[in-house]
Amino acid sequence: GPGIWKWIAIGLLALGIIGAPLGVWQYQKLSNTLATVRSADAERTAAIDAASAYAMKSLTYSYEDPDGFFKAVKENAAEPLKNKYNDAEKLLKAIMLQAQVTSKGEIIASDAVAQQNGIYQVIVTTRQTTRNVQNPEPRATTLVLQITVKKDGDAWQVTDIGPKNASSTGTIMHPGDQKLMPE
């Protein structure tokens, strides 16, 4: 359905194919928000750790082993998220191979902003360094991800992941501000 295009757009964003504009003010605003919600709660810490680990997995891959990447991101993913990866896998894999994309992720900051009965929304600020056939020189981008995790026994399940700085209409904005993919 049309939802798949939004997912693929997010996938392309994560693959560093589409640039993601992130103003310094947004980063500062985020830091201020994070500062107000700090808490020493152990469960919250565990939720943040789970989301951060998942962010790393989702931003670290190589066209030399796309299968390893998809296997990793489907692990600990809830069924709907796993299905999104399954639906987009063929196309994203083809793009990864064709563009010879490699990516390395690192976590700059992370904190949980909302919690509801064992479900946490975690904001993870990451630096993603990508290179591809068009851009052989590594290029670093700051990417703010919103990751939803759910307590699942002693483990955590990731139910959703997406860029925090996508516009509220659900379209991903291009640096030129064209709407790339409508809902």
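The values are calculated or read from the model by the stated rules, or taken from the named source; none is laboratory data. Quantities reported herein were computed from a predicted structural model and do not represent experimental measurements. Note: ideal-geometry Cβ built from the backbone for every residue, glycine included; neighbour counts use all protein chains shown. Just the protein is used for accessible areas: all its heavy atoms, side chains included, with ligands, DNA and RNA removed. Shrake-Rupley method; radii C 1.70, N 1.55, O 1.52, S 1.80 Å.
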- Could you tell me the convex hull volume per residue, in Å³, taken over the Cα atoms of the stretch 111-165? 101 Å³
- Spin-label model distance (nm) - Asn83 vs Thr142, 7 Å beyond Cα toward Cβ: 3.6 nm
- Message: Taking amide H atoms as placed 1.01 Å from N in the peptide plane, list the residues 5 or more away in sequence, or in a different chain, whose amide H sits under 5 Å from that of Asp160.
- Response: Thr148
- Task: With a 1.4 Å probe and every protein chain kept in, tell me what percent of the accessible surface of the stretch 73-145 is carbon plus sulfur.
- Result: 46 percent
